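*Asks:* Before anything else, here's the structure in question.
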Amino acid sequence: MPDDDLRAYSEIVIDHFQHPRNAGVLEDANAVGEDRNPVCGDHMKLMLRIEGDEIREARFQTRGCPASIATSSMATVVLTDMRVADAAQLTRQDFVDAVGGLPKAKIHCSVLAAAALKRALADFRERSTMSGASA
Ligand code: FES
């Protein structure tokens, strides 16, 4: 399926692809995770600002297909104001469900958001440990 054939996508995917939410750089992010699909080369960077045990703000930069951009955008919406412990339980299927499903051939595109989230939370834990060690 060509990437620009939007007819195969849900209305939610098309909406988030054409009007991405929370796109751009989050200057005061304290949790950053990236992932790249080795097959297609698509790439996502997820930036979170975590305060206490909640994600207060989420932004993303994704270079990729409509499905990867839509799931990236939706991920930032889902993650905003979510508890870190709950975010850690999210899977790529949660992002697929949140955008109203993806064509079978594009399911793998949701991996970027799930993998970037896992890395961002690991980054946050690492920063917390380091700041705790130096305190
Ligand atoms: Fe690369 Fe969708 S085709 S993530």
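The values are calculated or read from the model by the stated rules, or taken from the named source; none is laboratory data. Here the structure is a predicted model, which is why all the values come from computation and not from measurement. Cβ: placed from backbone, ideal geometry, glycine included. Neighbour counts: every protein chain shown. Ligands, DNA and RNA are stripped out before the accessible areas are found, and what is left, the full protein with its side chains, is counted by its heavy atoms. Shrake-Rupley method; radii C 1.70, N 1.55, O 1.52, S 1.80 Å.
*Asks:* Failed condition for ALA87, given (1) surrounded by fewer than 21 Cβ atoms within 10 Å (Cβ to Cβ); (2) without any contact (Cβ under 8 Å) to a residue 40 or more places away in the chain, with all others met?
*Replies:* So the condition that ALA87 fails would be (1).
*Asks:* Which condition number in (1) surrounded by 16 or more Cβ atoms within 10 Å (Cβ to Cβ); (2) modelled with pLDDT under 95; (3) among the hydrophobic types (A, V, I, L, M, F, W, C) is the one that ALA70 fails?
*Replies:* Unmet condition: (2).
*Asks:* Any idea which of GLY52, GLY33, GLY100 is more than 14 Å from the ligand (Cβ to nearest atom), within 15 Å of PHE124 (Cα to Cα), in contact (Cβ under 8 Å) with a residue 60 or more places away in the chain and out of contact with any Pro (no Cβ under 7 Å at 6 or more places or on another chain)?
*Replies:* The unique qualifying residue is GLY33.
*Asks:* Out of the residues in region 80-97 that are acidic (Asp, Glu) and under 20 Å from GLU57 (Cα atoms), state the one that is nearest to the ligand (Cβ to nearest atom).
*Replies:* Checked region 80-97; the qualifying residue nearest to the ligand (Cβ to nearest atom) is ASP94.
*Asks:* Report whether or not ALA105 is under 11 Å from the mean Cα position of the chain (by Cα) and either open to solvent by less than 10 Å² (accessible area, probe 1.4 Å) or at pLDDT below 95 (or both).
*Replies:* No: the conditions fail for ALA105.
*Asks:* Output the residues belonging to region 37-53 that are part of a strand (DSSP E or B) and either hydroxyl-bearing (Ser, Thr, Tyr) or crowded, with 16+ Cβ neighbours inside 10 Å (or both).
*Replies:* Those that are part of a strand (DSSP E or B) and either hydroxyl-bearing (Ser, Thr, Tyr) or crowded, with 16+ Cβ neighbours inside 10 Å (or both): HIS43, MET44, LYS45, LEU46, MET47, LEU48, ARG49, ILE50.
*Asks:* To continue, here is another question. Would you call VAL25 in contact (Cβ under 8 Å) with a residue 24 or more places away in the chain, in contact with a Lys or Arg (Cβ under 7 Å, 6 or more places away or on another chain) and within 16 Å of the ligand (Cβ to nearest atom)?
*Replies:* No.
*Asks:* Please tell me if ALA58 is away from the ligand (no atom under 16 Å from the Cβ), touching a Ser or Thr at 6+ places or on another chain (Cβ under 6 Å) and either at pLDDT 95 or above or open to solvent by 20 Å² or more (accessible area, probe 1.4 Å) (or both).
*Replies:* yes
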